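Student: One structure, as C-alpha coordinates, below. Some questions next.
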Amino acid sequence: MVGSQARQRLRKSTLHVVTHPEATHHVEGVVGGWHDSQLTPAGVRAAVSIAQALRARIPDGAEVALFSSDLQRTLRTADEVAELFGVKPVLDRRLREKSYGEAEGRPQEWLDQRFIPPPTAGERMGHDEGVQGAETKAAWAQRIYAAVDEILRNPCEHQIIVTHGGSLTCVVASWIKMPIESAGYASFRAPSGSITTLREDDFFHNRQVVSLGDTRHLGSAESG
(Lines give C-alpha, C1' and ligand atoms only; values in the text may rest on other atoms or scores of the structure.)
Protein backbone atom coordinates (compact mmCIF):
# COMPACT_ATOMS: atom_id res chain seq x y z
CA MET A 1 0.00 0.00 0.00
CA VAL A 2 1.12 3.53 -0.72
CA GLY A 3 1.12 5.73 2.38
CA SER A 4 -0.78 9.01 2.53
CA GLN A 5 2.37 11.12 2.23
CA ALA A 6 3.51 9.09 -0.76
CA ARG A 7 0.13 9.47 -2.41
CA GLN A 8 0.40 13.23 -2.02
CA ARG A 9 3.76 13.15 -3.84
CA LEU A 10 2.41 11.04 -6.70
CA ARG A 11 1.96 12.99 -9.93
CA LYS A 12 0.60 11.60 -13.17
CA SER A 13 2.29 12.23 -16.51
CA THR A 14 -0.04 11.79 -19.47
CA LEU A 15 0.60 11.26 -23.16
CA HIS A 16 -2.35 11.90 -25.48
CA VAL A 17 -1.81 10.23 -28.88
CA VAL A 18 -3.99 11.43 -31.75
CA THR A 19 -4.39 9.61 -35.06
CA HIS A 20 -5.26 12.10 -37.79
CA PRO A 21 -8.85 11.97 -39.08
CA GLU A 22 -10.10 11.33 -42.62
CA ALA A 23 -7.67 12.38 -45.35
CA THR A 24 -7.90 12.48 -49.13
CA HIS A 25 -5.97 9.22 -49.57
CA HIS A 26 -8.68 7.44 -47.56
CA VAL A 27 -11.49 8.51 -49.86
CA GLU A 28 -9.41 8.18 -53.03
CA GLY A 29 -8.43 4.60 -52.18
CA VAL A 30 -4.70 5.23 -52.60
CA VAL A 31 -1.77 4.25 -50.42
CA GLY A 32 -0.91 6.78 -47.72
CA GLY A 33 2.46 6.30 -46.07
CA TRP A 34 4.55 9.37 -46.86
CA HIS A 35 2.16 10.42 -49.64
CA ASP A 36 1.34 13.95 -48.47
CA SER A 37 -2.45 13.83 -48.53
CA GLN A 38 -4.63 16.47 -46.89
CA LEU A 39 -7.61 16.30 -44.54
CA THR A 40 -11.01 16.14 -46.22
CA PRO A 41 -13.71 18.62 -45.10
CA ALA A 42 -15.01 15.86 -42.79
CA GLY A 43 -11.47 15.40 -41.51
CA VAL A 44 -11.18 19.10 -40.70
CA ARG A 45 -14.44 18.97 -38.73
CA ALA A 46 -13.14 15.93 -36.87
CA ALA A 47 -9.88 17.76 -36.10
CA VAL A 48 -11.92 20.49 -34.41
CA SER A 49 -13.70 17.85 -32.32
CA ILE A 50 -10.38 16.26 -31.37
CA ALA A 51 -9.03 19.61 -30.17
CA GLN A 52 -12.17 20.28 -28.14
CA ALA A 53 -12.02 16.82 -26.56
CA LEU A 54 -8.41 17.32 -25.52
CA ARG A 55 -9.23 20.76 -24.13
CA ALA A 56 -11.99 19.18 -22.02
CA ARG A 57 -9.65 16.46 -20.70
CA ILE A 58 -6.63 18.59 -19.82
CA PRO A 59 -7.05 20.94 -16.83
CA ASP A 60 -6.87 24.68 -17.40
CA GLY A 61 -3.43 25.99 -16.54
CA ALA A 62 -1.69 22.65 -17.07
CA GLU A 63 1.51 22.78 -19.07
CA VAL A 64 1.03 21.23 -22.51
CA ALA A 65 3.53 20.27 -25.21
CA LEU A 66 2.43 19.36 -28.74
CA PHE A 67 4.34 17.18 -31.22
CA SER A 68 3.28 16.22 -34.73
CA SER A 69 4.30 14.37 -37.84
CA ASP A 70 5.21 16.92 -40.49
CA LEU A 71 2.81 15.63 -43.17
CA GLN A 72 -0.09 17.90 -44.11
CA ARG A 73 -2.85 15.71 -42.68
CA THR A 74 -1.25 15.54 -39.24
CA LEU A 75 -0.09 19.14 -39.23
CA ARG A 76 -3.61 20.36 -40.06
CA THR A 77 -4.92 18.31 -37.14
CA ALA A 78 -2.22 19.66 -34.84
CA ASP A 79 -3.02 23.23 -35.87
CA GLU A 80 -6.55 22.88 -34.42
CA VAL A 81 -5.09 21.60 -31.15
CA ALA A 82 -2.44 24.33 -31.10
CA GLU A 83 -5.06 27.06 -31.46
CA LEU A 84 -7.06 25.92 -28.43
CA PHE A 85 -4.03 25.43 -26.20
CA GLY A 86 -2.00 28.40 -27.38
CA VAL A 87 1.07 26.29 -28.14
CA LYS A 88 3.17 25.77 -31.25
CA PRO A 89 3.47 22.21 -32.58
CA VAL A 90 6.95 20.72 -32.75
CA LEU A 91 7.19 18.98 -36.12
CA ASP A 92 9.06 15.69 -36.23
CA ARG A 93 9.31 13.65 -39.44
CA ARG A 94 10.11 10.59 -37.32
CA LEU A 95 6.41 10.53 -36.34
CA ARG A 96 5.35 9.89 -39.95
CA GLU A 97 3.50 6.80 -41.08
CA LYS A 98 5.47 3.85 -42.43
CA SER A 99 6.94 4.60 -45.84
CA TYR A 100 5.57 2.37 -48.61
CA GLY A 101 8.13 3.52 -51.15
CA GLU A 102 7.02 3.44 -54.78
CA ALA A 103 3.51 2.35 -53.73
CA GLU A 104 2.67 5.70 -52.13
CA GLY A 105 -0.07 7.61 -53.91
CA ARG A 106 -0.88 4.59 -56.08
CA PRO A 107 -4.18 2.67 -55.88
CA GLN A 108 -4.35 0.31 -52.90
CA GLU A 109 -4.88 -2.57 -55.35
CA TRP A 110 -1.43 -1.88 -56.84
CA LEU A 111 0.18 -2.44 -53.43
CA ASP A 112 -2.01 -5.44 -52.62
CA GLN A 113 -0.88 -7.24 -55.77
CA ARG A 114 2.81 -6.84 -54.89
CA PHE A 115 2.84 -6.97 -51.10
CA ILE A 116 4.65 -9.92 -49.52
CA PRO A 117 3.31 -10.48 -45.97
CA PRO A 118 5.77 -11.28 -43.16
CA PRO A 119 6.37 -14.90 -42.19
CA THR A 120 4.46 -16.41 -39.29
CA ALA A 121 7.79 -17.19 -37.61
CA GLY A 122 11.34 -16.01 -38.04
CA GLU A 123 12.53 -12.56 -39.12
CA ARG A 124 9.59 -10.17 -39.22
CA MET A 125 11.12 -6.80 -38.33
CA GLY A 126 13.60 -6.81 -41.22
CA HIS A 127 11.20 -8.47 -43.66
CA ASP A 128 11.26 -7.22 -47.28
CA GLU A 129 7.64 -6.60 -48.35
CA GLY A 130 8.53 -6.64 -52.05
CA VAL A 131 7.95 -2.92 -52.71
CA GLN A 132 10.92 -0.83 -53.78
CA GLY A 133 11.82 1.91 -51.32
CA ALA A 134 9.45 0.72 -48.58
CA GLU A 135 10.64 0.84 -44.99
CA THR A 136 11.09 -2.34 -43.03
CA LYS A 137 9.16 -2.53 -39.79
CA ALA A 138 12.52 -2.34 -37.98
CA ALA A 139 13.40 1.01 -39.56
CA TRP A 140 9.88 2.32 -38.92
CA ALA A 141 9.90 1.26 -35.27
CA GLN A 142 13.41 2.59 -34.64
CA ARG A 143 12.54 6.14 -35.69
CA ILE A 144 9.24 6.17 -33.76
CA TYR A 145 10.92 4.78 -30.65
CA ALA A 146 13.64 7.45 -30.90
CA ALA A 147 11.05 10.23 -31.26
CA VAL A 148 8.97 9.00 -28.31
CA ASP A 149 12.06 8.60 -26.11
CA GLU A 150 12.99 12.21 -26.84
CA ILE A 151 9.45 13.46 -26.20
CA LEU A 152 9.28 11.66 -22.87
CA ARG A 153 12.44 13.39 -21.66
CA ASN A 154 10.34 16.56 -21.60
CA PRO A 155 9.09 17.05 -18.00
CA CYS A 156 5.76 18.49 -19.19
CA GLU A 157 2.77 16.85 -17.45
CA HIS A 158 0.53 16.67 -20.55
CA GLN A 159 2.04 15.90 -23.93
CA ILE A 160 0.13 15.46 -27.18
CA ILE A 161 1.41 13.50 -30.18
CA VAL A 162 -0.38 13.77 -33.53
CA THR A 163 0.57 10.83 -35.73
CA HIS A 164 -0.86 8.15 -38.03
CA GLY A 165 -2.92 5.00 -37.53
CA GLY A 166 -0.10 2.59 -38.30
CA SER A 167 2.49 4.50 -36.32
CA LEU A 168 0.27 4.36 -33.24
CA THR A 169 1.40 0.76 -32.76
CA CYS A 170 5.02 1.83 -32.50
CA VAL A 171 4.15 4.71 -30.13
CA VAL A 172 2.29 2.39 -27.74
CA ALA A 173 4.96 -0.33 -28.01
CA SER A 174 7.61 2.25 -27.15
CA TRP A 175 5.50 3.57 -24.26
CA ILE A 176 5.21 0.14 -22.62
CA LYS A 177 8.94 -0.41 -23.24
CA MET A 178 8.44 -3.35 -25.56
CA PRO A 179 11.84 -4.26 -27.00
CA ILE A 180 12.00 -3.41 -30.71
CA GLU A 181 13.00 -6.97 -31.56
CA SER A 182 9.73 -8.14 -29.96
CA ALA A 183 7.51 -5.65 -31.83
CA GLY A 184 7.23 -7.75 -34.98
CA TYR A 185 3.91 -9.19 -33.82
CA ALA A 186 2.54 -6.04 -32.16
CA SER A 187 -0.59 -4.36 -33.52
CA PHE A 188 -2.57 -1.73 -31.63
CA ARG A 189 -5.49 -0.75 -33.83
CA ALA A 190 -7.16 2.65 -33.60
CA PRO A 191 -9.61 4.40 -35.95
CA SER A 192 -8.83 7.62 -37.76
CA GLY A 193 -9.39 10.66 -35.56
CA SER A 194 -8.98 8.71 -32.32
CA ILE A 195 -7.34 9.66 -29.04
CA THR A 196 -5.26 7.13 -27.10
CA THR A 197 -4.42 8.02 -23.50
CA LEU A 198 -1.21 6.76 -21.88
CA ARG A 199 -0.34 7.57 -18.29
CA GLU A 200 2.68 7.10 -16.02
CA ASP A 201 2.83 7.85 -12.32
CA ASP A 202 5.91 9.38 -10.72
CA PHE A 203 5.93 7.01 -7.74
CA PHE A 204 5.89 3.48 -9.16
CA HIS A 205 6.62 4.66 -12.73
CA ASN A 206 4.03 2.22 -13.99
CA ARG A 207 2.90 2.90 -17.54
CA GLN A 208 -0.78 2.42 -18.21
CA VAL A 209 -2.76 2.30 -21.45
CA VAL A 210 -5.79 4.17 -20.12
CA SER A 211 -7.73 4.10 -23.38
CA LEU A 212 -6.95 2.92 -26.90
CA GLY A 213 -8.46 4.48 -30.00
CA ASP A 214 -11.25 6.46 -28.29
CA THR A 215 -13.59 8.10 -30.84
CA ARG A 216 -16.48 9.12 -28.60
CA HIS A 217 -15.64 12.77 -29.26
CA LEU A 218 -16.29 12.46 -33.00
CA GLY A 219 -20.01 11.70 -32.98
CA SER A 220 -21.42 12.38 -36.43
CA ALA A 221 -18.01 13.65 -37.58
CA GLU A 222 -16.46 10.18 -37.19
CA SER A 223 -14.74 9.07 -40.39
CA GLY A 224 -13.69 5.57 -39.38
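The values are calculated or read from the model by the stated rules, or taken from the named source; none is laboratory data. In this text the structure is predicted, and so the values were computed from the model without any measurement. Note that we place each Cβ from the backbone using ideal geometry, even for glycine, and neighbour counts take in every protein chain shown. Protein only, heavy atoms only, side chains kept; ligands, DNA and RNA dropped before computing areas. Shrake-Rupley method; radii C 1.70, N 1.55, O 1.52, S 1.80 Å.
Student: Provide the packing ranking of 106-119, 36-49, 128-141, 172-185, i.e. peptides ordered by the mean count of other C-beta atoms within 10 Å per residue, highest first. Spell out each step's value before the answer.
Tutor: Numbers: 106-119: 13.1, 36-49: 19.8, 128-141: 17.2, 172-185: 15.5.
Those peptides, ordered most packed to least, come out 36-49, 128-141, 172-185, 106-119.
Student: Pulled fully out, how much extra length does the chain show between V27 and W110, if you take 0.36 nm times their separation in residues and subtract their Cα-Cα distance? Numbers along the way, then the final one.
Tutor: Details: separation 83, 0.36 × 83 = 29.88 nm, distance 1.61 nm.
So the extension gain works out to 28.3 nm.
Student: Turning to a different aspect of this structure: Roughly speaking, what is the centre-to-centre gap between segment 11-53 and segment 86-138 when only Cα atoms are used, to the nearest Å?
Tutor: 18
Student: Grab the other residues whose beta carbon is less than 13 angstrom from that of L212, score K and R as +1, D and E as -1, and report the net.
Tutor: Values: positive: R189, R199, R216; negative: D214.
For residues surrounding L212, the net value is +2.
Student: If each of E150 and L91 carries a label point 7 Å out from its Cα toward its Cβ, how far apart are those two points in nm?
Tutor: The answer from the label model is 1.4 nm.
Student: What does the C-alpha gyration tensor say about the overall shape of segment 3-123? Classify as rounded when a/c is under 1.5, otherwise prolate if a/b is larger than b/c, or oblate.
Tutor: Working: a/c = 2.93, a/b = 1.62, b/c = 1.80.
Oblate.
Student: Separate question: Could you do me a favour and compute the accessible area per residue for the chain, 1.4 Å probe, result in Å²? Working shown, then result.
Tutor: Values: 10860 Å² over 224 residues.
On a per-residue basis, the chain sits at 49 Å².
Student: Can you send over the solvent-accessible area of S167, 1.4 Å probe, protein chains only, in Å² to the nearest 10?
Tutor: Around 0 Å² of this residue is reachable by solvent.
Student: Round to a whole number: what % of the accessible area of the chain belongs to carbon and sulfur, probe 1.4 Å? Present the calculation step by step, with values, prior to reporting the outcome.
Tutor: On the way: 5340 of 10860 Å².
Exposed carbon and sulfur together represent 49 percent of the surface.
Student: Also, I was wondering about something else. Which shape class, rounded, prolate or oblate, goes with segment 88-148 when its Cα gyration tensor gives a ≥ b ≥ c as root eigenvalues, a/c under 1.5 marks rounded, and past that a/b bigger than b/c marks prolate?
Tutor: Numbers: a/c = 3.16, a/b = 1.36, b/c = 2.32.
Oblate, because a/c is 1.5 or more while a/b does not exceed b/c.
Student: I've got another one for you. Roughly what % of DSSP beta bridges within the chain run antiparallel, to the nearest 5? Could the numbers behind the result be given before it?
Tutor: Values: 15 of 28 bridges.
For the chain, the DSSP antiparallel bridge percentage is about 55.
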